[in-house]
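Here it is, the structure in full.
The values are calculated or read from the model by the stated rules, or taken from the named source; none is laboratory data. The structure displayed is predicted, hence computed values, not measured ones. Backbone-built Cβ (ideal geometry, glycine too); neighbour counts: all protein chains shown. When the accessible area is computed, the model is the full protein with side chains, heavy atoms only, and any ligands, DNA or RNA have been set aside. Shrake-Rupley method; radii C 1.70, N 1.55, O 1.52, S 1.80 Å.
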Amino acid sequence: MTTTRPAHAVVLGASMAGTLAAHVLARHAGTVTVVERDDLPEEPRHRKGVPQGRHAHLLWSNGARLIEELLPGTTDGLLAAGARRLGFPEDLVTLTGQGWQHRFPATQFALLASRPLLDLTVRQAALSRENITVLPRTEAVELTGDAGRVTGVVVRDVDSGRQTSLEADLVIDATGRGSRLKQWLAALGVPALEEDVVDAGVAYATRFFQAPPGATTHFPAVNIAADDSVREPGRFGVVYPIEGGRWIVTLSCTRGARLPSTEEEFLPFARDLRHPVIADLLRDAEPLSPLYGSRSAANRRLYPERLDQWPDGLLVLGDSLTAFNPIYGHGMSSAARCAVTLDRELARGSTPSHRIQKAIGAAVDDPWILAASKDIDYVNCRVDATDPRLVGVDTEQRLRFADAITAASIRVPEASEIVTDVMSLNAPQSELGSNRFLLAMRTGERHPELTAPPFSADELAVVNLDASVLAPAAVRSSPAA
């Protein structure tokens, strides 16, 4: 059986993945219904269905370009609403495990904004077509059909409890990390899906601050990473400029380290990172929010494409299919990659759902392996995976190669460009093993090691910091848990 032009398609979840998928389906289906458990606000407000929504987010250039391709004008809309467009690595002050990154000329970019603004801007553009209906305060209960074909979904009104059956030629699960897909498939008699999990126990604590005057339009993002060579729980921190003249500051750690749980603990944690620059930046900044915390950050991937038979009329994408540690910023770009892949496959005409699902799996493979192969090396990481790229490689060999990549990328412009292309998903992860990259590592011009965060004099003046305060003391190993 194949997916022809659906008369009616149902998308479960108005996530970034769900709204982009609904927009794509509206081009190929007669009507589209979006089922969403939350109310959908008309202004940028946090909602329960996006549990990571209060923490720092960025939309990498690959995702931004794909969304712009689907929804022309989205980038301008975000910038007009106050989002920042930062060039990478030029507009980033970052301390890696191998030292400070030189701020080489930008070769890629990212859009920085609060997650509610990103979601609202995309949602309003994506769901504006006349053949899309949104059912808020409604949740999926079960799929209808059998192991061979899904014919619809039973939904429940959250307020009244009334259940309704929606018939559909195509159902897409985009309900996110809380997806009940495995239970739904079991009820239809579909064999259990294979699943990989890489869980470093990452937790987040975030506060919003008023940025100093002058630091709201041209000040760089700041990132302090862990030194994974010391084999202790990782501790991290970022400061991102976002709309409203604000800084969003997210502190995080892996399993075994203690995250701040009160406002009073926030700045001391930042000061105890490998460099205290984040605490220095926040010294006189006005807090605008309480502390928000969360712990749902495991990397998890399902493999529906590995089943011999996949129910026709059913697809799964977004966090329902592959969920990432949000610290790498790949979730929204992966949602865009899924949507563009869906658009391409549906444009072929009569296409088996299994083939579409396989193509979607290929679209998320690079962000999956980038996130999982990084997190798997943190101490106390819990791994239940069969991917040979994760469990079939000697740990020490992988760490040595990762350190060599980082050491080259922070000091060699050609290597930095390739790593930036990969991290922003504009080049495949395999490029890090290419002859071009290996040549750049060996023969590229190596800039001197930086001993302090590479702010310009004008940037330091804007935030009232003295360069002498930021220098020497401090690149240090992460403190033990």
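Leaving out ligands and nucleic acids, note down the accessible area per residue over the range 235-292 with a 1.4 angstrom probe, in whole Å². Intermediate values should be presented prior to the final figure.
Working: 2040 Å² over 58 residues.
Per residue, the range 235-292 has an accessible area of 35 Å².
Moving to a separate point now. For the chain, give the share of DSSP beta bridges that are antiparallel, in percent and rounded to the nearest 5; count only bridges with both residues there.
The antiparallel proportion sits near 75 percent.
If you put +1 on each Lys and Arg Cβ and -1 on each Asp and Glu Cβ, how big is the dipole of the chain around its Cα centre, in Debye rounded to 20?
Rounded to the nearest 20 debye, it is 320 debye.
Separate question: Give me the number: length gained by fully extending E396 to E69, i.e. 0.36 nm times residue separation minus the C-alpha to C-alpha distance, one decimal in nm.
Difference between extended and current length: 113.6 nm.
Computed FRET efficiency, Cβ-Cβ of E43 and S296, R0 22 Å: what is it to the nearest 0.05?
The calculated FRET efficiency here is 0.35.
Let me ask another. Could you state the per residue volume, in Å³, of the convex hull enclosing the Cα atoms of the chain?
141
Can you work out ³J(HN,Hα) from phi for every residue in the range 410-419, in order, using Karplus 6.51 cos²θ - 1.76 cosθ + 1.60 and θ = phi - 60°, giving whole Hz and x for Gly and Pro?
So the J values, rounded to whole Hz, are 7, 10, 10, x, 5, 5, 4, 4, 5, 4.
With every protein chain kept in place and ligands, DNA and RNA left out, what is the accessible area per residue of the range 58-182? Probe 1.4 Å, answer in Å². Working shown, then result.
Values: 4910 Å² over 125 residues.
The answer is 39 Å² per residue.
Next up: Would you work out which of G53, T133, L112 lies farthest towards the positive end of the dipole of the chain? Charges go on Cβ: Lys and Arg +1, Asp and Glu -1.
Of the options given, the answer is T133.
Please list, ordered by chain and number, the residues whose modelled amide H lies under 5 Å from the amide H of A106; skip anything fewer than 5 residues away on the same chain.
Correct list: E90.
I need the phi-derived Karplus couplings for the range 393-401: 6.51 cos²θ - 1.76 cosθ + 1.60, θ = phi - 60°, integer Hz, Gly and Pro marked x.
After applying 6.51 cos²θ - 1.76 cosθ + 1.60, I find 10, 4, 4, 5, 5, 5, 5, 4, 5 Hz.
Could you derive backbone 3J(HN,Hα) for the range 447-455 from the dihedral phi with the Karplus parameters 6.51, -1.76 and 1.60 (θ = phi - 60°), listing whole Hz in sequence and x where the residue is Gly or Pro?
Each residue's phi maps through the Karplus curve to give 6, x, 5, 8, 10, 8, x, x, 7 Hz.
If you roll a 1.4 angstrom probe over the protein chains with everything in place, what fraction of the accessible area of the chain belongs to carbon and sulfur, to the nearest %?
Answer for the chain: carbon and sulfur cover 50 percent of the accessible area.
Here's a follow-up. Mean projection of the alpha-carbon convex hull of the range 344-428 over all orientations, in nm²?
7.5
Oh, and also: So if each residue of separation counts as 0.36 nm, and I subtract the Cα-Cα distance between A467 and D159, what length gain in nm does that give?
105.2 nm
So who's got an amide H within less than 5 Å of the one on V93, skipping anything under 5 residues away but keeping other chains? H placed 1.01 Å off N, in plane.
A221, V222, N223
Can you work out the FRET efficiency for the pair D76 and N131, with r the C-beta to C-beta distance and R0 = 35 Å, to the nearest 0.05?
With R0 = 35 Å, the Cβ-Cβ based efficiency is 0.90.
Moving on. Give, as a single signed number, the net charge of other residues whose beta carbon lies under 13 Å from the beta carbon of R123, with Lys and Arg counted +1 and Asp and Glu -1.
Net local charge, R123 excluded: -2.
What's the longest uninterrupted piece of the chain once you rule out the GluC sites (Glu not before Pro) that are loop residues per DSSP with at most 16 other Cβ within 10 Å? Present the calculation step by step, with values, prior to reporting the outcome.
Values: sites that count: E42, E90, E130, E194, E445, E449.
Looking at the chain, 195-444 is the longest stretch - no exposed GluC sites (Glu not before Pro) with at most 16 other Cβ atoms within 10 Å.
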